[in-house]
Amino acid sequence: MFVSLSLREAGYTVFANADASGTFDPRAADLANARMRDAGVYVMPQFAVAADLQRDWRNAPGIPAFLNLLFKYVAFRGGPPPGGTVTDVT
């Protein structure tokens, strides 16, 4: 949070991962995210940050690699597909 607030104060546009507050206390995380929002930081969920980094879905690594990354690091209801990876999205 300190880095985000400092960058905003310096005039930068800042995007922060709402799920990376560094605390296990939901109230503390909500307060930190609210403080960043109040300072003008764009607070986004983890999926939105990852999707934004992909930028162009037509180019490598593409949807299969992106989905495999999400299944590995993001908690989804139901978990990964059978076999554990995505190889074709046609």
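The values are calculated or read from the model by the stated rules, or taken from the named source; none is laboratory data. Keep in mind that this is a model prediction, so the values were computed, not measured. Reconstructed Cβ throughout: ideal geometry from the backbone, glycine too, with neighbour counts over all protein chains shown.
The table below gives the values:
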{"quantity": "Filtered residue count, the range 35-66, keeping only those that are part of a helix (DSSP H, G or I) and of a type in the set (Phe, Trp, Tyr)", "calculated": "2"}
{"quantity": "Any hit, the range 33-40, residues being modelled with pLDDT under 75, over 16 Å from the mean Cα position of the chain (by Cα) and under 30 Å from Leu5 (Cα atoms)", "calculated": "no"}
{"quantity": "Within the range 8-25, considering residues that are more than 12 Å from the chain's Cα centre (by Cα) and at pLDDT 90 or above, the one farthest from Gly40 (Cα to Cα)", "calculated": "Asp25"}
{"quantity": "Search result, residues across the range 12-30 that are touching a strand residue (DSSP E or B) at 6+ places or on another chain (Cβ under 9 Å) and exposed (fewer than 11 other Cβ atoms within 10 Å of the Cβ)", "calculated": "Thr13"}
{"quantity": "From Phe66, Phe47, residue being modelled with pLDDT under 80 and either surrounded by 15 or more Cβ atoms within 10 Å (Cβ to Cβ) or aliphatic (A, V, I, L, M) (or both)", "calculated": "Phe66"}
